[in-house]
Amino acid sequence: MQIQDFFRYTFNGIRAQRLRSFLTTLGIAVGIGAVVLLTSLGEGLHRFVLAEFTQFGTNLIAINPGKVTTHGVSGALLSNVRPLTIEDTAILKQLPQILDVVSVVQGNGAIKAGGRQRRATIYGVDASAARVWKFAVAAGRFLPDDPPRSARSFVVLGSKVRQELFGSNQALGMRIRIGGELFRVIGSMESKGQMLGFDLDDAVYIPAAKAMALFNRESLMEIDLLHTAGSSSSVVAEKVRKALQARHGKEDFTITTQEKMLEILGGVLNTLTIAVGALGGISLLVGGVGILTIMSITVNERTGEIGLLRAMGVEQSQILTLFLGEAVLLAAIGGLAGLGLGVGGSWLFSLAVPALPAHISWTYVASAELLAAFVGLLAGVLPARRAARLHPVEALRAE
Amino acid sequence: MQIRDILSFSLLAATANRGRTLLMLLAMAIAVSSVVVLISLGDSARHYVIDQFSTLGTNLLIVLPGRSETTGGPPPLLGATPRDLTLADAMALNRARTVRRITPIIAGSAPISVRSLEREMLVLGSTSELYEIRHLALSQGSFLPPGEPTRAEAVCVIGQKGKKELFGNQPAIGRWLRIGDRRFRVIGVLSSSGVSLGEDLGEVVIIPVAAAQALFNTSSLFRILVEATSPEGIEQTRKSILDTIRVRHEGEDDITVITQDAVLTTFDRIFKALTLSVAGIAAISLVVAGIMIMNVMLVAVSNRRAEIGLLKALGASRTQILGLFLTESTILSSIGAGIGLVLALLGMRLAAFLFPQFPLQLAPWSSAISLGVALITGVVFGVLPARRAADLEPAFALMRR
Amino acid sequence: MISLQNIERIFQVGDEEVHALRDVSMTATDGDHIAIMGPSGSGKSSLLNILGLLDRPDTGSYELDGVKVSELDEKEQARIRRHKIGFVFQFFHLVPRLTAFDNIALPLMLAGMKQDERQARVTAALAAFGLGNRAQHRPDQLSGGQRQRVAIARATIMQPSVILADEPTGNLDRNSGIEVVEILEELNRQGITLIMVTHDPELGRRAQRQILMVDGRIEREAEG
């Protein structure tokens, strides 16, 4: 049989029962559409979260005091008997391959300017914070590179705090009160938006030593460092570990590399995407049962035709291919329609929720289409085999 | 026509073609069982988390230092504040009428050692009230003694797992251990209450709050736990806590009070939303199963034209034919849903057997859901075929053999 | 009492209009025995379908027992079919998955009769048509003659005033055919109007009146 004749014949079978074929393909289409849409959403979420995390750069390493991994909370949250200090920061800065180091103290307090007050997050950091965290200054400048222990009382405002305290008035050069102490505003930041629920704009940045005095503590909560782009973060992390261990005598800190975190995060998000895709796959399974049903009905109804074909000298294997072809064609058409549904759905979703753009992963799309054809093949095997094995005489009698 | 007759006639018609019927039931069962299983899993997870959270205490309020003005954002769980929450603040809260008991908490991490063995553990500085407020249980010894919270007695209560790691199978009561550079005598061992919301009480050492202040060299509290006298008193307590602290902090509102209720409600909402969306995704398969039922019913209608013509000739009205075919599709979807429900039940039983630590069970309203789903699917996807049947011209339907 | 006035029925087949009935008028009084005869495609079955309310005429009126049934709605027509008309078909039209008993009980079931009341009537009918020991057999376990007797039992179970039979012997061997015709004639003698479509002239001659149809018209009518 010529290949085009084969296609014409199978296609004819599908067209002869328009409504039935439409509904069968619709079943597969809904299944494939669900898989494509869901994996697109998963992929979109994946990218969204990774983008949130990498907005501070990818060559970051964070050091927290204490080895408190079992409790699942950061060491910075808790009191600690062996703290990280500003001096640790200074030592780390001298290590090779390290571009910048930031001491971090974080807290919460009231910020007063004139008659207004706002409670916001207070970050105690170094001048290097703007470089390490890739902050952009909207007006003025970031904290100056003062000696860490004797930094001047300067403050840089997050965009929301600036807006709340000063509105459209000039903020630069003004004096504000943070926890009873006076600070001079030397700059304000561009809006960074939210990261995982934390409003980065509702914050002020002051020198780390000042924050430690303000919060009445002697230790840092975190040290962030930026290493050179070419160097491996695990190698750098190892050097940091050695240097700190030499100073503290023990490994009483936790090092988290951005790379490792992204790896873990990526793993989790991939699992999520696959899990959600698998949920959609249930529909595909049901659609497969649908093809199986319809194909067995078709074989039943066309018993006479099969007898005729056999009488005209068509081989069993050809009958098998004909009916298998019909099943696969049904599934493939359904798959294509499903792609349309899924891609259209993702597009609509992106329109509705621009913050979380669905991302169509063509690998998933291609595998979904292949899966559809495979489902058709699988569902077609039983009915097609029954068709091929029909006895020609019996089959003809059915007419 | 009598209801019984409609049912038996349709049942007979629905099951006349065994292979086809089985496949349809299979499709429906897959769809229904996946929806029911996912709802049940979500529901079990919700119960688990809420139960866990409820064991933290009853009528509980948590006071933390710091306050953030960003609405809808998370409370300032991290970080320090210019003005500490002090032991004196905590004691002052005791005066309110609706407060049953309070306990201050300082949390820290420190190396704990017994001879050469050393472990990094969570150290909680608290008072004897922690025992009642957190519903703790001891396996041996006694809890921190009651008395002035400012007294730094060198005693500690240790978690089950920590005890095993430091003392092995030997008795721990009366032994000394070292936290940082200080020595403490073990007076009690907690019973293994397992993990409760990430806080592993197995690896914790509880010491008097004053001792923790000295150990960590801080006067600042990490949390204050407050237990109200009654659920109705919670709101009142919250207000009086805010008022008391405001007066003590020179008119500033610089604390955050979280009520257990609010957290429970949030968890409840999150888990419900999660369950619904996962079940919703699985419900797409119901649509597919419905389409399939519609398809097969359409085939049945065209195969049974003569029968439909005959029924009309015998005086069946359009409505009767419509009813017969709708009943048939609904019977099919119902049986399928029933099988799906049984599959889901078996699946959940199996899961409960495999993971005995989680309370896995079929969601209570599963049967109602599957029944509802079956009826809706049967009717919605049965309408088109049934209308086709009802609209057949009897003369035409009978004409072909 | 049946009265057809100027009945027209046109079918659309492809692009072509087929005039199935042209200006057909006829009457039948209660207890009549009428054979409708004619070649294939002459409109015999179309006429029977109109008489049985299975089809609506395009124009013309149909009066049954003093009621203008051609103007009734679908539901009322169904009621009349149920109570006044019994059908017997060439291909029996038994529901294959139902037993002989249930096939005969179908009209009673559609009419909403309770099961215990049905029991007695169907059992009596089975006995009357010599099918007493065939109650639980399905159609494929019955002979052609038995099948047609089940069909006649079903057609008469509601005690209709008219029986419409479309080639009732067309699918039977000679002996079974004669048997079936005798049953129908016996019913006619009991007062039921019998209208039968046939192209068997011998069968036609047994009727009281013969109507010959050609090309959608009544060509001629003969008595006895």
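The values are calculated or read from the model by the stated rules, or taken from the named source; none is laboratory data. On a predicted model such as this, the values are computed, not experimentally measured, just so you know. Using ideal geometry, Cβ is built from the backbone for each residue, glycine included, and neighbour counts are taken over all protein chains shown. Ligands, DNA and RNA are stripped out before the accessible areas are found, and what is left, the full protein with its side chains, is counted by its heavy atoms. Shrake-Rupley method; radii C 1.70, N 1.55, O 1.52, S 1.80 Å.
Look through the range C:187-224, keep the residues that are open to solvent by 80 Å² or more (accessible area, probe 1.4 Å) and not in a loop (DSSP other than H, G, I, E, B), and return whichever of them is nearest to residue C:41 (Cα to Cα).
Checking each candidate, the answer is C:217.
Only residues that are open to solvent by less than 60 Å² (accessible area, probe 1.4 Å), of a type outside the set (S, T, N, Q) and more than 7 Å from chain B (Cβ to nearest Cβ): list them for the range C:69-85, please.
C:69, C:72, C:80, C:85
Given the conditions (1) closer than 30 Å to residue B:63 by Cβ; (2) under 15 Å from the mean Cα position of the chain (by Cα); (3) modelled with pLDDT of 85 or more, which single one is not true for residue B:263?
Failing condition for residue B:263: (3).
Which residues, counting only those in the range A:250-270, are open to solvent by 40 Å² or more (accessible area, probe 1.4 Å) and polar (S, T, N, Q)?
Correct list: A:256, A:270.
Would you call residue B:144 open to solvent by less than 60 Å² (accessible area, probe 1.4 Å), in contact with a strand residue (DSSP E or B) (Cβ under 9 Å, 6 or more places away or on another chain) and part of a loop (DSSP other than H, G, I, E, B)?
yes
Would you pick out the residues in the range C:86-101 that are facing chain B (nearest Cβ under 8 Å) and touching a strand residue (DSSP E or B) at 6+ places or on another chain (Cβ under 6 Å)?
Across the range C:86-101, the qualifying residues are C:87, C:89.
Please find, among C:124, C:153, C:135, C:120, the residue that is modelled with pLDDT of 90 or more, farther than 30 Å from residue C:9 by Cα and under 19 Å from the mean Cα position of the chain (by Cα).
Testing whether each residue is modelled with pLDDT of 90 or more, farther than 30 Å from residue C:9 by Cα and under 19 Å from the mean Cα position of the chain (by Cα) leaves just C:153.
Which ones in the range B:349-371 are open to solvent by less than 90 Å² (accessible area, probe 1.4 Å) and over 16 Å from the mean Cα position of the chain (by Cα)?
B:351, B:366, B:367, B:368, B:369, B:370
Collect the residues in the range B:95-110 that are within 12 Å of chain A (Cβ to nearest Cβ) and open to solvent by 10 Å² or more (accessible area, probe 1.4 Å), keeping them in residue-number order.
B:105
May I ask you to list the residues in the range B:12-22 that are open to solvent by 30 Å² or more (accessible area, probe 1.4 Å) and part of a helix (DSSP H, G or I)?
B:12, B:18, B:19, B:20, B:22
Any residue in the range C:30-50 that is away from chain B (no Cβ under 11 Å) sitting within a Cβ distance under 6 Å of a residue that is among the small types (Gly, Ala, Ser) and in a helix (DSSP H, G or I)? List the pairs, counting only those 6 or more apart or interchain.
Matching pairs, first to second residue: C:35/C:204; C:37/C:204.
Quick one: residue B:306 ticks every box in (1) within 14 Å of chain C (Cβ to nearest Cβ); (2) out of contact with any strand residue (DSSP E or B) (no Cβ under 9 Å at 6 or more places or on another chain); (3) outside any helix (DSSP H, G or I) except a single one, so which number is it?
(3) is the only condition that residue B:306 fails.
Do we have any residue at all in the range B:258-272 that's away from chain C (no Cβ under 14 Å), in contact (Cβ under 8 Å) with a residue 60 or more places away in the chain, outside any helix (DSSP H, G or I) and not charged (D, E, K, R)?
Yes.
Within the group B:334, B:329, which residue is away from chain C (no Cβ under 14 Å), open to solvent by 20 Å² or more (accessible area, probe 1.4 Å) and in a helix (DSSP H, G or I)?
B:334
On the given criteria, is residue B:75 over 30 Å from residue B:165 (Cβ atoms), modelled with pLDDT under 90, surrounded by fewer than 18 Cβ atoms within 10 Å (Cβ to Cβ) and within 13 Å of chain A (Cβ to nearest Cβ)?
Answer is yes for this residue.
Is it the case, given these coordinates, that residue B:341 is away from chain C (no Cβ under 14 Å), in a helix (DSSP H, G or I) and farther than 30 Å from residue C:84 by Cβ?
yes
Quick one: what pairs do we get from the range B:152-178, first residue more than 19 Å from residue B:106 (Cα to Cα), second among the aromatic types (Phe, Trp, Tyr) and outside any strand (DSSP E or B), C-beta under 9 Å, 6+ apart or different chains?
Partner pairs satisfying both residue conditions: B:175/B:167; B:177/B:167.
Looking at the range B:372-383, can you tell me whether even one residue there is touching a helix residue (DSSP H, G or I) at 6+ places or on another chain (Cβ under 6 Å), at pLDDT 90 or above, over 19 Å from residue B:21 (Cβ atoms) and crowded, with 19+ Cβ neighbours inside 10 Å?
no
Does residue B:163 satisfy the condition of being within 29 Å of residue B:92 (Cα to Cα) and of a type in the set (D, E, K, R)?
Considered against the rule, which asks whether it is within 29 Å of residue B:92 (Cα to Cα) and of a type in the set (D, E, K, R), residue B:163 comes out as no.
For the range A:168-188, which residues satisfy the criterion of being of a type in the set (Gly, Ala, Ser), assigned to a loop (DSSP other than H, G, I, E, B) and at pLDDT 85 or above?
Hits for the range A:168-188 are A:171, A:173.
In the range C:127-148, which residue that is in contact with a Phe, Trp or Tyr (Cβ under 7 Å, 6 or more places away or on another chain) and over 21 Å from residue B:308 (Cα atoms) is farthest from the other protein chains (Cβ to nearest Cβ)?
Ranking the qualifying residues of the range C:127-148, first place goes to C:135.
Given the condition buried (at least 19 other Cβ atoms within 10 Å of the Cβ), touching a residue at least 24 places away in the same chain (Cβ under 8 Å) and among the acidic types (Asp, Glu), answer yes or no: does some residue in the range A:186-200 qualify?
yes
Out of (1) farther than 20 Å from residue B:318 by Cβ; (2) open to solvent by less than 70 Å² (accessible area, probe 1.4 Å), the odd one out for residue C:115 is which?
(2)
Quick one: how many residues across the range B:89-130 are of a type outside the set (Lys, Arg) and either over 16 Å from residue B:224 (Cβ atoms) or part of a strand (DSSP E or B) (or both)?
24
Listed here are the residues, each with its yes/no results for (1) open to solvent by 50 Å² or more (accessible area, probe 1.4 Å); (2) in contact with a Cys (Cβ under 6 Å, 6 or more places away or on another chain); (3) assigned to a loop (DSSP other than H, G, I, E, B).
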residue: A:108; (1), (2), (3): no, no, no
residue: A:112; (1), (2), (3): yes, no, no
residue: A:117; (1), (2), (3): yes, no, no
residue: A:122; (1), (2), (3): no, no, no
residue: A:127; (1), (2), (3): no, no, yes
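If you scan the range B:243-257, which residues turn out to be free of Cβ contacts under 8 Å to residues at least 40 places away in the same chain, of a type in the set (D, E, K, R) and assigned to a helix (DSSP H, G or I)?
Selection gives B:243, B:246.
Checking the conditions here, which among A:388, A:358 is farther than 22 Å from residue A:287 by Cα and modelled with pLDDT of 85 or more?
None of the other options fit; the residue is A:388.
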